[in-house]
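Since the structure comes first, as structure tokens, the remarks are kept for the end.
The values are calculated or read from the model by the stated rules, or taken from the named source; none is laboratory data. No experiment lies behind these values; they were computed from the predicted model shown. These accessible areas exclude ligands, DNA and RNA; they are computed on the full protein's heavy atoms, side chains included. Shrake-Rupley method; radii C 1.70, N 1.55, O 1.52, S 1.80 Å.
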Amino acid sequence: MAWFVPYCLIGGLGQYLFYPDTFSFNSGLTAFALFVPLALVLTAIQTTTEELFFRGYIVQGASPIWSNRVFLAIVSAVIFTRYRHTLREQHRRVTPVQHH
């Protein structure tokens, strides 16, 4: 995960240098100020829901079958990883809008 921020910064800088027409800088500070609290709240809800479901519900449901806590953690992690991978694959299938 430590590579994510430098990767985004370098990628964004590269895109700006090679395709400066794709960027438009505006000073919509009001819209940004309204968006940030909403994004923070919705992100907290989304991550909490995922954690409760994958770490709580699945582990609790599987614990009568398997009593090994390490194995339960691994099963939960594998199911969560498959779920996130499926979301990523669905996102890649979205076709971009063609501008004419």
_Index of the failed condition, residue 65 passing every other in (1) hydrophobic (A, V, I, L, M, F, W, C); (2) part of a helix (DSSP H, G or I); (3) at pLDDT 85 or above_ = (2)
*Do you know which residues across segment 75-100 are open to solvent by 90 Å² or more (accessible area, probe 1.4 Å) and either modelled with pLDDT of 85 or more or not in a helix (DSSP H, G or I) (or both)?*
93, 94, 95, 96, 97, 98, 99, 100
*Would you tally the residues in segment 4-57 being at pLDDT 80 or above and outside any helix (DSSP H, G or I)?*
1
